[in-house]
Structures are given as structure tokens and as C-alpha cells.
Amino acid sequence: MDRRNFIVRLGSIVLALPAASFLHACGGDDNTVSANGAAGGRATGGAGGSAAGAGGTSTAGAGGTSTAGAGGTGAPMTLTFTSSAVQNHTHTFQITMTELASAPANGIDRETSQDAGHTHAVALSAGELQAIANGQTITKTTSLVSGHTHQFTFVKS
């Protein structure tokens, strides 16, 4: 086997392994983990697989999806959580793995994604971020906007 064939075969294996890992982790799951039933939110993502493509998206446990740029220099890996459905819509909220690994002293306080023409505020204290990082479940209610709130159930498996 010459160098060219070796590199081609190695490249095929490198591409196949993350895909196989991702597919294995998915199993028969629909990639949606519902936490706390109808009252809570749900976190989207695989049930525990991991794969990292250049600039692509990979699963990061039941807590959500993680995003990594090419060569690991892109955006920090994030967990994306989906709120409970209220008035026929939901919102998403992201927490970076950095925020979980080293919670900011003041926690985080930011807006959800926009849906139905509005966003909601969600605040998580440093203690709540630490609890999520340790695998505990934290349920938070968003700010009141357009006459309603949503609930997020934050859990990292």
C-alpha cells in the first residue's frame, strides 16, 4: 500500500467513526428528550452521542446540541434547550459549556430565541449553572411577555 492509498483509507475511517458514533447514540430515539412532561421544557439533542465535524454540529448528551467550528477554533460548544409550548410556540435558550465549566460570578441573564414576534428573559445564577453542570435539573420560568411565560427545564446528562 502506498502513502496515497493509506491517507485515503485513513480519511475514510476518520469520517466514518463520528457518523457511526452519532448513529449508534441515536438508536431508535427521535433525538428529542422531554423533561418534566408537558409542564416543563425539552432539550433537543441525542441521548449521549458525540461527533465533531469541521464547522458542524454534534450531539452533547440529553441536554442538547453542541457546535464546534473547524479545528476547534469556532464558537464554544453550546447546549440548546427548548421551552414549554405556550400559545402555539416555543423558544430556545443556549448555555455554553464554558459557562457550565466556570460559571460567571453573576450567572447569566439573557434573552431566548425570538418566536411569535417576541423573546423572553431567562436568568440563571452561578449556583444554578453549577447545579446543571453537576447533572441536577433546574426549572426556570421566563419573564412575562405578551401575557404569558414559558418554562425551561435545564438538565445536562
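Nothing in this text is a laboratory measurement; each read-out follows from the coordinates by a stated rule. In this text the structure is predicted, and so the values were computed from the model without any measurement. Positions of Cβ are backbone-derived with ideal geometry, glycine not excepted, and every protein chain shown enters the neighbour counts.
Odds and ends about this structure:
- Note, ³J(HN,Hα) from phi for the range 149-154, Karplus 6.51, -1.76, 1.60, rounded to Hz, x at Gly and Pro: 10, 10, 10, 10, 10, 9
- Tensor-based shape of the range 74-157 (alpha-carbon gyration tensor, a/c under 1.5 rounded, otherwise prolate or oblate): prolate
- Backbone N within the range 137-153 under 13 Å of label point (7 Å from Ala123 Cα along the Cβ vector): 141-144
- Computed lengthening from Thr149 to Arg110, 0.36 nm per intervening residue step minus Cα-Cα distance: 12.5 nm
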